[in-house]
Amino acid sequence: VIFSVTEQKLRDDAGRREANIPDNMENLLVNYHFSDGLLKNLEVFAGALHEGDVAGENETGYTSLGVPEQPGFYLPAHTIVKAGAGYHWGRYKYYLNLDNLLNDHIWLASGGRGSLMPYPGITVTFTVIVHI
C-alpha cells in the first residue's frame, strides 16, 4: 500500500493561484502479488488519484486602480480511479490496465479559455512482455 498527500499553496507575488496547480493532491495504490496457491504469479492493483480544483488561466495584469486581476474560471476537483492485473508465466508477463475505471468526464488541464484538455474516458490497455 502506498499513500501520499500533498498540501501546497503556490501563488504569484499578488497572491493569485497558478493555472493547473492544485493546492492539494492525494494518491493511493494498493498492489498485491500472489506467491503461492492457485493464483501464484498473479498480481492485482487498484489506485486513485485526487486533485483539488485549479485555476483555469494565469492572470498577470492589474486593474486601473492597481487591484490584481483574478483568474476568470477554475476547473473542479477530480478523482481518477485505476485498476489492473498482471500474470507472469514462464518468460511472458501479461498486463491488463484500466484507466478512468469510473468513466468520469473531467477536464484535466487548461491552456486558457479556448483550450481545455479533457481526460480520456475509460481506457483499456493490454501489454505482453517477453523476456529473452
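The values are calculated or read from the model by the stated rules, or taken from the named source; none is laboratory data. Bear in mind that the values here come from a model prediction, so they are computed numbers and not experimental data. All Cβ positions, even for glycine, are placed from backbone atoms using ideal geometry, and neighbour counts span all protein chains on display. Areas reflect the complete protein model, heavy atoms only, side chains present, ligands, DNA and RNA absent. Shrake-Rupley method; radii C 1.70, N 1.55, O 1.52, S 1.80 Å.
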Once ligands and nucleic acids are excluded and a 1.4 Å probe is used, how much of V67 is accessible, expressed in Å² to the nearest 10? 80 Å²
Within the stretch 37-132, trypsin sites (Lys or Arg not before Pro) in DSSP loop having at most 15 other beta-carbon neighbours inside 10 Å: K40, R91, R113
Chymotrypsin sites (Phe, Trp or Tyr not before Pro) in the stretch 8-101 lying in a DSSP loop, each with at most 13 other Cβ atoms within 10 Å of its Cβ, come to F34, F73
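With the full set of protein chains in place, find how many percent of the accessible area of the chain is carbon and sulfur; take the probe as 1.4 Å.
Ligands and nucleic acids excluded, carbon and sulfur reach 60 percent.
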Compute the separation of the alpha-carbon centres of the stretch 3-51 and the stretch 72-127 and state it in Å as a whole number. 13 Å
Highest-MSF residue in the chain out of L28, L38, L65 [GNM, Cα springs under 10 Å]: L65
How far is it, in nm, from the label point at Y119 to the one at Y62 when both lie 7 Å from their Cα along the line to the Cβ? 3.8 nm
Excluding ligands, DNA and RNA, what is the solvent-accessible area per residue of the chain at a probe of 1.4 Å, expressed in Å²? 66 Å²
Over the heavy atoms of H50, what accessible area does a 1.4 Å probe trace out, to the nearest 10 Å²? 50 Å²
Descending semi-axes in Å of the chain, equivalent ellipsoid built from Cα gyration tensor: 42, 15, 11
Roughly how much of D12 is accessible, in Å² to the nearest 10, using a 1.4 Å probe? 40 Å²
